Amino acid sequence: MLQFTNTALAGLVLGMIFAAFALALVLIWRSTRILNFAQAPMAVLTTYIALVMIEDGRPYWLAFVVALLAGLVLGAVLERVVIRPVEGKPDINAVILTLGLFIVFKSGAEVIFGTKLRTYPPTFGIRGIEIGDTTIGITTSDFFTIGAVIATLVLLVALFRFTDLGLKMRAAANNQEVAGLLGVKVGAMLTLGWALAAVVGSLSGLLIAAGGLVQPSYMDSIVVFGFIAAVIGGLESPAGAVVGGLLLGFSLSFVSGYLSAQLVALVALGILMTVLTLRPGGLFTATQGRRV
Amino acid sequence: MLTITELTAGYGPITALRGVTLTAEQGRITAVLGANGAGKTTLLRTISGLHRSTSGSVTLDGSTVTRVPAEKMPALGMSHVPEGRGVITELTVEENLRLGGLARGRVKADDLTRIYSLFPPLDERRHVAAATLSGGERQMLVIGRALMARPTLLLLDEPSLGLAPRIVTQIFELLKGLVDNEGLTVLLVEQNARSALSVADHGIVLNLGQVVADDSAATLAADDQLRHAYLGF
Ligand SMILES: Nc1ncnc2c1ncn2[C@@H]1O[C@H](COP(=O)(O)OP(=O)(O)O)[C@@H](O)[C@H]1O
Ligand SMILES: [Mg+2]
């Protein structure tokens, strides 16, 4: 029973981390129909900013906030300077561009911060919670991770559903020309979409780093799972990203806990193929298939 | 009032408008007629700033708006309902309407109420996805959405396209009502010349990007030669 509970809890935390990464992908896909392959190294860069601040003795949460703000600026600047020129061009241009950015940011991080492993302090405690005299496999830090991702999801849904700004962002994402005719500043909405996505991406980077070791490639292992989670969720919906992340997190945790850690990648692929066979557009999408 | 002077526009080597001059009088419906490819859509797109003119000028209520980008036009009182209607299908009916109202900063509840009373079918379907609407309902939605910005000038590109004659009549009557009661100015692009002239005060006929006739709707409708040559009825 304890093993089951712990495996489930580990799956929950893992799923939330995938979800955060997938949320960031979804935000960009919604607003510009671009899959941002550079998201992981962007998050690596902003996490290093926080780590350097912490190592310099600045307050932990100040560094956390600065990393998120750095993400905001990085996302906005990228959209304006690099992505804008290829918007409306064939999709492959943007794909190649974000792959190029992936390489640039990753080598940039290696040059600036070096490749040696560095410790990133945890957000909160990393001891398992004690219930009676058993210690279960979830920590205060894990609670923070879960809470932060849920809060992000709730804020995003509220933004898109209940605010004028969210309505304009959705309009700009769905029909740029018509949105413009209705007075929506389409360019600004797209920039904002990228900026928000990069904030969420930075958050995922910080959550993964906290309590662990950081080097320029520390996000690599979750990138693939984050993409799979986003695609399972349908790429369109923030809720889909979280459901996709959780589905993947639980499955992988149980597979590695009860079967073998070697099978994890295979199972992830299996889940992806099953979902896409049953619902080609992903779980949370309108009926028509996705144009990728 | 909208004044267009010697407007020229094109697509690379193709010239779609050749020195078009016309006026849309305040509180009137001015119809722009002509065959497919005559340049009607290009004219509206150039007026509203979606397309750049190569020369000429556009003036709205006395101020020059020739180089003003499309997204600034609603705030200046110009609403353009594009060809193919431009319903945002992923949004609900009410979200589409609200979006129209945002051009004025905030959406006023009164404005929504007014649109729902002008178009009762929309009232019943407020919270459904706009994708589920019929052609007629979509046309009502985009006109309603444009009116949410409380424009002084409404540009309509082929609103009758694909609609049953009964619905076309209904929509044109409603436009007529708005023009007569509220002083709205309408520039109505139509291939369906017969219906358009029955509701318009004034008509302009375009052929290959040039104005070939500019007269009262009654005069145009009575001109057999013009009708046969350009209007197809
Ligand atoms: N995007 C475009 N690219 C190139 N040529 C175009 C484009 N849009 C329209 N045209 C050409 O411009 C001319 C006028 O077209 P248009 O304004 O759409 O006419 P109408 O609305 O009266 O049917 C036509 O010859 C058409 O082929
Ligand atoms: Mg046309």
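The values are calculated or read from the model by the stated rules, or taken from the named source; none is laboratory data. The shown structure was predicted, so the numbers you read here are calculated from the model rather than taken from an experiment. We place every Cβ from the backbone using ideal geometry, glycine too, and count neighbours over all the protein chains shown. To get the accessible areas, we keep the full protein, side chains included, count just its heavy atoms, and leave off ligands, DNA and RNA. Shrake-Rupley method; radii C 1.70, N 1.55, O 1.52, S 1.80 Å.
Using +1 on the beta carbon of Lys and Arg, -1 on that of Asp and Glu, and nothing else charged, what's the dipole of chain A about the Cα centre, debye to 20? All intermediate terms of the calculation are to be shown ahead of the outcome.
On the way: 17 positive and 13 negative charges, 136 e Å.
That gives a dipole near 660 debye.
In a Gaussian network model over chain A where Cα atoms closer than 10 Å are linked, find which of A:Leu276, A:Leu101, A:Leu153 has the largest mean-square fluctuation.
Top of the fluctuation ranking is A:Leu276.
Projected onto the charge dipole of segment A:2-220 (+1 at Lys/Arg Cβ, -1 at Asp/Glu Cβ, origin at the Cα centre), which of A:Met219, A:Gly15, A:Phe162 gives the Cα projection farthest towards the positive end?
The residue sitting most towards the positive pole is A:Phe162.
Tell me, Kirkwood radius of segment A:2-220 from alpha-carbon pair distances, in Å? Could you put the intermediate results ahead of the total?
Values: mean 1/r = 0.0544 Å⁻¹.
Evaluated over segment A:2-220, this radius sits at 18.4 Å.
Along the positive direction of the dipole of the protein assembly as shown (beta-carbon charges: Lys, Arg +1; Asp, Glu -1; about the Cα centre), which of B:Gly183, B:Gly209, A:Leu62 reaches farthest?
Positive-most Cα among the choices belongs to A:Leu62.
Taking the Cα centre of segment B:166-233 as origin, sum charge times position over the Cβ atoms of Lys and Arg (+1) and Asp and Glu (-1), and report the length of that vector in debye to the nearest 20. Write out the running numbers ahead of the final one.
Working: 4 positive and 9 negative charges, 54 e Å.
Computed charge dipole of segment B:166-233: roughly 260 debye.
Please return the longest stretch of chain A lacking exposed loop sites, where trypsin sites (Lys or Arg not before Pro) count only if DSSP places them in a loop and at most 11 other Cβ atoms lie within 10 Å.
Numbers: sites that count: A:Lys116, A:Arg127, A:Arg291.
The longest such stretch corresponds to A:128-290.
Please label the shape of segment A:195-292 as rounded, prolate or oblate, based on the square roots a ≥ b ≥ c of the eigenvalues of the alpha-carbon gyration tensor (a/c under 1.5 means rounded; beyond that, a/b larger than b/c means prolate, else oblate). Working shown, then result.
On the way: a/c = 2.32, a/b = 1.20, b/c = 1.94.
In terms of gyration-tensor shape, oblate.
Taking θ = phi - 60°, what integer Hz values does the Karplus form 6.51 cos²θ - 1.76 cosθ + 1.60 yield along segment A:262-268, in sequence order, with x for Gly and Pro?
Here the 3J(HN,Hα) series is 5, 7, 3, 4, 5, 5, 4 Hz.
List the extent of the Cα atoms of the protein assembly as shown along each of their three principal axes, largest first, rounded to whole Å.
Projected onto its principal axes, the Cα set of the protein assembly as shown covers 95, 46, 39 Å.
Cα gyration tensor of segment B:43-161, axes a ≥ b ≥ c as square roots of the eigenvalues: rounded (a/c below 1.5), prolate (a/b > b/c) or oblate?
prolate
Whose amide H sits under 5 Å from the amide H of B:Gln210, counting only residues 5 or more places off or on another chain, with H placed in the peptide plane?
Long-range HN contacts for B:Gln210: B:Arg18.
At a 1.4 Å probe radius, carbon and sulfur cover how many percent of the accessible area of the protein assembly as shown? If you can, show how the numbers build up before the last one.
Values: 13700 of 22530 Å².
C and S atoms contribute 61 percent here.
Charges only on Cβ, +1 for Lys and Arg, -1 for Asp and Glu: so what's the dipole of the protein assembly as shown about the Cα centre, in debye to the nearest 20?
Once rounded to the nearest 20, the dipole reads 600 debye.
Can you tell which of B:His80, B:Thr46, B:Leu154 lies farthest toward the positive end of the dipole of segment B:1-158, using +1 and -1 charges on the Cβ of basic and acidic side chains (Lys, Arg; Asp, Glu)?
Towards the positive end, the residue furthest out is B:Thr46.
Quick check on segment B:74-233: take the gyration tensor over C-alpha atoms, sort the square-rooted eigenvalues as a ≥ b ≥ c, and tell me if it's rounded (a/c under 1.5), prolate or oblate. Intermediate values should be presented prior to the final figure.
Details: a/c = 2.20, a/b = 1.82, b/c = 1.21.
Cα axes put segment B:74-233 in the prolate bin.
Summing -39500 (n - 2.57) over the DSSP H runs of n ≥ 4 in the protein assembly as shown and dividing by its residue number, what mean residue ellipticity at 222 nm do you reach, to the nearest 500 deg cm²/dmol? Mind dumping the intermediate values first?
Details: 20 runs with 280 residues, N = 525.
Calculated from helices alone, the mean residue ellipticity at 222 nm is -17000 deg cm²/dmol.
Once the mean 1/r over all distinct Cα pairs of segment A:111-257 is inverted, what Kirkwood radius in angstroms do you read off? Please list the in-between numbers first.
Working: mean 1/r = 0.0561 Å⁻¹.
Every distinct Cα pair counted, the radius reaches 17.8 Å.
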